[in-house]
Every structure is written in structure tokens, then in C-alpha cells.
Amino acid sequence: MTTEDGTQGPRRAEEPPSGNPGREAMAQTERVLGDLPLERLFAKARDEGVWVSSAPAEAVQEAAPEVKRIPVGVRPHSVAVSPDGTRLYVTNFGDSSVSVIDAYGEAVVASHPVGESPYGVAVSPDGTDLYVAATGPGTVTQYSLSGDDLVQDGSILSADDHSKRPYGVAVGPDGRVYVTRALSDTVLVTDRFLKNLTSIPDIDFPVAVAVSKDSARIYATNYFSKSVSVIDASGKAALAKISVGNEPYGVAVSPDGTRLYVTHFPGTGAVSVVDIAGQTVVSTIPVGDGPRGVAVSPDGTRLYVTNFFADSLSVVTL
């Protein structure tokens with residue numbers, strides 16, 4: 001069955017555990033609205049009075065100002081940076097595309113169609129492959145990068161049921177690929193060819209994922225528990241949860257491994273800066289409307305944040 005906005009539905013998501021009001025609200029939202037990706041659930045639920053979103057916790061202090069906004073595609077979701085820092089890749093949920101941006105020229109230089117309703121995006125450590133998680137078909141696709149072109153000649157990881165559709169994707173320095181499956185509370189781990197799957201269970205509704213520079217730690221945002229899970233990559237188990245405030249969505253780790261940058265969606269247009277060692281939010285950075293994805297330049301001097309409701313990418317000096 002096709003809904004009025006063109007998505008396939010309804011099909012009920014896996015029921016979340018009882019006792020968590022936020023997760024129970026999401027279950028109610030999906031029952032009412034059908035099989036829609038998360039941001040459509042939020043938008044429709046707000047309009048129909050089903051879902052009430054709370055703002056993130058008050059800022060500890062205001063940090064670096066936004067320096068520029070770059071127009072991108074429709075409803076940008078996530079952003080990734082090339083290893084040399086010259087290119088940015090933004091998934092646009094609204095028009096099912098990836099924008100390629102000249103990081104120094106701060107302008108879109110190419111746009112490519114990808115799978116329906118793309119969420120996560122990541123670049124391989126050698127800069128030759130791009131991974132895109134598309135919630136429409138429930139796939140993660142490996143593209144070859146040829147200049148500013150995408151060539152779909154790589155592997156495709158398919159979801160085996162509705163509850164396991166992919167949300168976020170990240171690639172570690174060792175080439176391992178991490179994929180969040182929020183509706184089944186897991187993080188998948190694969191090789192660079194999307195083969196040899198293993199999984200990390202019991203990660204509470206993980207939306208986005210990031211990997212430390214030494215590949216030892218994985219960080220996943222827990223949307224309903226207002227936290228970020230710190231995961232041991234070798235043991236494939238959560239070590240701790242860092243409280244970061246309401247609605248944590250995107251996450252990125254600084255090149256030196258001392259800071260996390262966490263967006264809050266829908267939120268109040270700010271990014272939380274987290275001291276990893278102290279496991280505390282030390283400051284906030286104002287950005288645009290509806291911050292979703294976040295990435296840090298390889299030299300650690302710039303922060304890139306997608307503004308879902310503003311169809312733009314914020315560029316922030318650090």
C-alpha cells in the first residue's frame with residue numbers, strides 16, 4: 001500500500017520494550033503513521049499531535065560561531081569528509097541524492113541519485129569508496145569514487161526485514177564498516193566489502209555511529225536514552241553511556257580522540273561538545289534549523305553539520 005506522500009506502507013515496526021515512554025511513543029507513532037522513515041514520522045506526528053518532541057538540555061556555554069551555510073539538496077541528513085579534507089558528501093533524504101561539495105570552495109560541485117530516502121554516509125580510509133545507507137530499500141550500498149562521480153559497482157548490504165533497516169554508517173581506519181539498526185537495537189560490523197557480518201547487540205535505539213582514529217572505540221547515539229554509547233570495538237560490547245541531553249542524533253569524534261560532537265534533532269539548533277575522558281558536555285555550538293549529521297575535518301579545525309529543515313550545511317570553525 002502506498003501512503004499519500006509516496007512511501008510504501010503501512011507496515012508495523014518491531015515493538016520496542018515496555019517501560020520506556022519515549023520508545024512507547026515511537027511505537028504509537030509508527031502504528032498511526034505506518035512505515036515511514038524517522039524524520040517523516042517526526043514531521044507528521046507533530047502535525048497530527050501524536051509525537052511531542054522535547055528540546056535538548058540547556059547549553060553549558062556557547063562555543064564557536066557558525067561561519068557559513070552552504071545550500072545543498074532537499075532535507076539533508078548526514079555528512080562525511082574525504083580523508084584529505086577536500087570533499088564533503090551529504091545525503092539528501094528529500095530528493096534521494098548525494099551532494100558532493102568542494103570543502104575549500106564551499107560549493108556543491110556535483111549531485112548524484114542514490115537509493116530512496118538516504119540516511120547515513122561514510123568514506124573509506126583510502127578515499128576510494130563511499131557507503132550510503134538508504135532506508136527506503138533498506139540497504140547499504142558501496143560506491144566507487146571517481147573524481148566527483150559515484151559508480152555503483154560495489155557490494156550491497158540488504159535488510160532481511162523491516163525492523164533492521166539501516167540508519168547510520170561509519171568506516172573505521174581499519175576499513176571495518178559499522179551500520180546502526182535502531183529498530184532492532186544493534187550495530188552491525190562488516191568488512192569493507194559489506195561481507196562477514198557480526199553484530200553488537202543491546203545498543204539502545206542507535207541512530208548514528210562514529211569510530212575513533214585508532215579503531216578501538218565506537219560511539220553510537222541513543223536517541224531515547226539521551227546518551228551516547230561507548231563501545232569496545234574488539235569486545236563488541238558497550239562500556240559506558242555518556243549523558244548528552246535530549247534527542248541525540250548525529251555524532252562525530254575529533255581527530256585527537258578527546259571530543260565528541262553530538263547533534264540534537266529536532267532540537268534547538270545546537271551541537272553538544274563532549275569531553276570523552278570526563279564523559280560530560282562542556283559546551284554547545286549554535287548551528288542551523290534541525291541539525292542531523294555531523295563530521296569533523298581531518299585536521300580538526302572545521303565542523304560540518306547538516307540542517308535538515310534549512311536544506312543547508314553549516315561550516316563552523318573550531
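The values are calculated or read from the model by the stated rules, or taken from the named source; none is laboratory data. Treat the numbers as computed from the prediction; the structure is a model and nothing was measured. In this analysis, Cβ positions are derived from the backbone assuming ideal geometry, glycine residues included, and neighbour counts consider all displayed protein chains. Heavy atoms of the whole protein, side chains included, go into the accessibility calculation; ligands, DNA and RNA do not. Shrake-Rupley method; radii C 1.70, N 1.55, O 1.52, S 1.80 Å.
For this structure, a couple of remarks:
- Within segment 113-132, considering residues that are more than 19 Å from Arg87 (Cα to Cα) and in contact (Cβ under 8 Å) with a residue 24 or more places away in the chain, the one surrounded by the most Cβ atoms within 10 Å (Cβ to Cβ): Ser117
- Of all residues in segment 267-318 being aliphatic (A, V, I, L, M), assigned to a loop (DSSP other than H, G, I, E, B) and touching a residue at least 60 places away in the same chain (Cβ under 8 Å), the one that is least open to solvent (accessible area, probe 1.4 Å): Val287
- Residue count, segment 78-118 (criterion: under 12 Å from Tyr304 (Cα atoms), of a type in the set (D, E, K, R) and part of a strand (DSSP E or B)): 1
Okay, residues lined up against (1) crowded, with 16+ Cβ neighbours inside 10 Å; (2) farther than 21 Å from Thr186 by Cα; (3) not hydrophobic (A, V, I, L, M, F, W, C):
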position	(1), (2), (3)
Gly136	yes, no, yes
Gln142	yes, no, yes
Gly147	no, yes, yes
Leu150	yes, yes, no
Ser158	no, no, yes
Tyr167	yes, no, yes
Ala170	yes, no, no
Gly175	no, no, yes
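- Any hit, segment 223-236, residues being of a type in the set (Ser, Thr, Tyr), open to solvent by 30 Å² or more (accessible area, probe 1.4 Å) and touching a Ser or Thr at 6+ places or on another chain (Cβ under 7 Å): no
- Exactly one residue among Ala80, Ala110 is at pLDDT 95 or above, surrounded by fewer than 21 Cβ atoms within 10 Å (Cβ to Cβ) and not hydroxyl-bearing (Ser, Thr, Tyr), and that residue is Ala110.
- Filter pass, Asp153 being free of Cβ contacts under 8 Å to residues at least 24 places away in the same chain and not polar (S, T, N, Q): yes
- Options Leu194, Leu183; residue that is part of a helix (DSSP H, G or I) and open to solvent by less than 20 Å² (accessible area, probe 1.4 Å): Leu183
- Here Ala252 passes the criteria (1) more than 16 Å from the chain's Cα centre (by Cα); (2) in a strand (DSSP E or B) except the one numbered (1).
- Residue in segment 205-214 that is at pLDDT below 95, out of contact with any helix residue (DSSP H, G or I) (no Cβ under 7 Å at 6 or more places or on another chain) and among the acidic types (Asp, Glu) present: yes
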